[in-house]
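Taking it in order: structure first as structure tokens, then the write-up.
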Amino acid sequence: MKFRAASVVLTALAIVSGASCSSSSSDNTATGPVGGAVTGPQDDHCAGQPDGVSDPATCSGADTAAAGAADEAAGGAPNSDITPAAAGEGPTASGGASGTPDCNLAHDADYGDTMFNASGVDDDCKYDVSWTSTPIRKGESVTFTVTAASKSSGAPLERIAAQQAGAVALSRVEPYIPCEPTHVPPAADLRAPIKETAPGVFSVGPIVFDKSARWVVRFHFYENCVDSDTSPHGHAAFFVDVP
């Protein structure tokens, strides 16, 4: 009887253990293709040009981009005034030679060209910018890690007194689909929290890409400064594929 009782106990434990294993194997772990940076020609728009130098003393004033950010945060469509790429302009978004206009290359005329890969230089050749992210899938939260430094000195971007009190160098992240300029991403994306984790290193997110497409993610630096050649204000945009 003692042996039989022990067998019953062992059988019960086995059932419980099996149920636990079964539960573990059925957890909702994300699967499927992962997106990311789009491979293509490495950014060289600053080749042969002197490094841009930003002067915090020229920050004063509010750029109209700040008002645009407020509009977008309220639900407006970002980049609804993008300028189409001209026929034969630059490489295609897949990295080949272009013979016809590519909507992926279209962007607001106030910004420089969107860059391939995960590193490059901002529009005004002031900052070296690179990024990594957690796995990118449609409908899932993504966190970006952005690293930015002065191109001329190599010093990491830090807070400046001329900015709003407490503002970090990376002001916001702007995701949009260049071939669908009227597509409005989730409102929370335009207000994604930004945390400075080390000098010149920023954690941004969560950001949710709500559609499978080729996106652009633009990083805005010192956005409360006037946008000029010497101002700290700057931006860098990269292609991101979302499967």
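Read the figures in this text as sums done on the coordinates, not as results from a lab. Predicted model only: the values in this text are computed from it and were never measured. Note that we place each Cβ from the backbone using ideal geometry, even for glycine, and neighbour counts take in every protein chain shown.
Once you place label points 7 Å from the Cα toward the Cβ at Asp55 and Thr132, how far apart are they in nm?
If labels sit at Asp55 and Thr132, their model points lie 3.7 nm apart.
Mind listing the long-range amide H neighbours of Arg172? Cut-off is under 5 Å, sequence gap 5 or more, other chains count too, H placed in the peptide plane at 1.01 Å from N.
Amide H to amide H, under 5 Å and 5 or more residues apart or across chains, Arg172 pairs with His220.
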